[in-house]
1. Can we say residue 199 is over 28 Å from residue 235 (Cα atoms), touching a Lys or Arg at 6+ places or on another chain (Cβ under 9 Å) and of a type in the set (Val, Ile, Thr)?
2. Residue by residue through segment 80-118, note down the ones that are in contact (Cβ under 8 Å) with a residue 40 or more places away in the chain, of a type in the set (Gly, Ala, Ser) and more than 16 Å from the ligand (Cβ to nearest atom).
3. Regarding segment 43-56, can at least one residue be identified that is of a type outside the set (Gly, Ala, Ser), away from the ligand (no atom under 16 Å from the Cβ), touching a Phe, Trp or Tyr at 6+ places or on another chain (Cβ under 7 Å) and open to solvent by 10 Å² or more (accessible area, probe 1.4 Å)?
4. Return a yes/no flag: does segment 18-35 have any residue that is in a strand (DSSP E or B) and either more than 20 Å from the chain's Cα centre (by Cα) or within 16 Å of the ligand (Cβ to nearest atom) (or both).
5. Restricting to segment 163-190, give me the number of residues that are within 16 Å of the ligand (Cβ to nearest atom), surrounded by 15 or more Cβ atoms within 10 Å (Cβ to Cβ), in contact (Cβ under 8 Å) with a residue 60 or more places away in the chain and not charged (D, E, K, R).
6. Just to be sure, is residue 150 crowded, with 20+ Cβ neighbours inside 10 Å, within 15 Å of the ligand (Cβ to nearest atom) and either of a type in the set (Gly, Ala, Ser) or assigned to a helix (DSSP H, G or I) (or both)?
7. Can you find, within segment 191-201, the residue that is nearest to the ligand (Cβ to nearest atom) among those that are closer than 17 Å to residue 144 by Cβ and hydrophobic (A, V, I, L, M, F, W, C)?
8. Which numbered condition in (1) touching a His at 6+ places or on another chain (Cβ under 9 Å); (2) in a loop (DSSP other than H, G, I, E, B) is the only one that residue 165 fails?
Amino acid sequence: MRRKLVVANRKMNGSVPGNKEFLEGLIKGTRDCHNADYIVCVPHPYLYQAQAMLADTEIAWGGQNMSRHDAGPYTGSVSPGMLVEFGCKYVIIGHSERRNRGQDSDNSVGERFQAATKAGLTPIFCMGETLEEYEKGLTDLVTIRQLNAVIQQVGIKNLAKCILAYEPVWAIGTGKAATPDHAQSILHFLRGYVILKDVEVGENIRILYGGSMNASNAAQLMSMPDIDGGLIGGASLVTEEFVRICRAANELGSA
Ligand code: 13P
């Protein structure tokens, strides 16, 4: 049985007092929610604060990106070891907001996937097609290309070390979430593809949906059989709303 999982991708948002309020609200709002998992991915400067506030809770925290290098002359970059030093267990890899600005390629996502798992981090590996690709009917082709780039580098068994996230670019930040049926069909397809390569990996890997998930549509989306949770952007900036999503996952989960 795959546990439901809710991940906040706070993107480049927050402040020290704002994070404090959010994390306090989240801790309080999920204190009795033991049937699902919760992760908060904050900008790197706030990892220390996340660690200090979440260390004694069931909520995990993570980075939003990292370098594939361990150390060296890479101005502005953060290494996997640095994330680990601040208690991260997770890191988002291959978010479309980086891919589509030319900061990440299929190949570099694979390299960072390997560097993350080597450091003991669990990648939250994002895939998804642009609006143009969606309209041309290329969703399957694009997501499989992105997925294969990683499988080819790490091998199918190592894919089990990650959490997959399908985030159609056209749904991110637009208020137009995929319908539960549509999201389910894509996630079912992706899971089926992994199952064809390795039944155990495919059946056990957690796959999230992301893109305008909010407190009103979360329960419906997450109740679909292949949707194991959500990767939440905008709705993670409003404490009460994010808590409601976490509580919806908890309701759907089993102890
Ligand atoms: P929104 O929830 O704001 O659409 O963002 C989704 C996302 O990009 C999470 O990584």
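1. Working: over 28 Å from residue 235 (Cα atoms): yes; touching a Lys or Arg at 6+ places or on another chain (Cβ under 9 Å): no; of a type in the set (Val, Ile, Thr): yes.
Considered against the rule, which asks whether it is over 28 Å from residue 235 (Cα atoms), touching a Lys or Arg at 6+ places or on another chain (Cβ under 9 Å) and of a type in the set (Val, Ile, Thr), residue 199 comes out as no.
2. Those that are in contact (Cβ under 8 Å) with a residue 40 or more places away in the chain, of a type in the set (Gly, Ala, Ser) and more than 16 Å from the ligand (Cβ to nearest atom): 87, 108, 110, 115, 116.
3. Yes: segment 43-56 contains one or more residues that are of a type outside the set (Gly, Ala, Ser), away from the ligand (no atom under 16 Å from the Cβ), touching a Phe, Trp or Tyr at 6+ places or on another chain (Cβ under 7 Å) and open to solvent by 10 Å² or more (accessible area, probe 1.4 Å).
4. Taking segment 18-35 as the starting set, the residues that turn out to be in a strand (DSSP E or B) are none.
Checking segment 18-35: not a single residue is in a strand (DSSP E or B) and either more than 20 Å from the chain's Cα centre (by Cα) or within 16 Å of the ligand (Cβ to nearest atom) (or both).
5. 4
6. Numbers: crowded, with 20+ Cβ neighbours inside 10 Å: yes; within 15 Å of the ligand (Cβ to nearest atom): no; either of a type in the set (Gly, Ala, Ser) or assigned to a helix (DSSP H, G or I) (or both): yes.
Criteria not met by residue 150.
7. Here is the first cut: in segment 191-201, the residues closer than 17 Å to residue 144 by Cβ are 191-198, 201.
Next, from what is left, pick out any that are hydrophobic (A, V, I, L, M, F, W, C): 194-196, 201.
Values: 194: 21, 195: 25, 196: 27, 201: 23 Å.
Across segment 191-201, the extreme among qualifying residues is 194.
8. (2)
The values are calculated or read from the model by the stated rules, or taken from the named source; none is laboratory data. Everything numeric here is computed off the predicted structure, so don't read it as measured data. In this analysis, Cβ positions are derived from the backbone assuming ideal geometry, glycine residues included, and neighbour counts consider all displayed protein chains. All accessible areas refer to the heavy atoms of the entire protein, side chains included, with ligands and DNA or RNA removed. Shrake-Rupley method; radii C 1.70, N 1.55, O 1.52, S 1.80 Å.
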